[in-house]
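The values are calculated or read from the model by the stated rules, or taken from the named source; none is laboratory data. Every value quoted in this text rests on a predicted model; they were computed, and no experiment measured them. Virtual Cβ from ideal backbone geometry, glycine too; neighbours counted across all protein chains shown.
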């Protein structure tokens, strides 16, 4: 397998894991469960809770740290590929 493909796969995996981790964390903070989604209830209270958590600093603080780690991995992979 080509090194460029492996680097791209590593970068995509890091970003996908970050997005997945923080989406799950947002749903957990907003008390969203999948059993609730299966029922016929209004979506408005759920959307309000998610929107409220999106405005909180404590949600974004950890997201920013993880995003910076992903940027760091991306830059390191770019420099590794560029230096070849």
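Take the residues in the stretch 51-84 that are over 30 Å from residue 4 (Cβ atoms) and surrounded by 15 or more Cβ atoms within 10 Å (Cβ to Cβ), then tell me which one is nearest to the chain's Cα centre (by Cα). Here the answer is 59.
The criterion of being surrounded by 11 or more Cβ atoms within 10 Å (Cβ to Cβ) and modelled with pLDDT under 90 does not hold for residue 35. The residues listed here are 26, 20, 6; of these, the one that is in contact with a helix residue (DSSP H, G or I) (Cβ under 7 Å, 6 or more places away or on another chain) and either at pLDDT 90 or above or in a helix (DSSP H, G or I) (or both) is 26.
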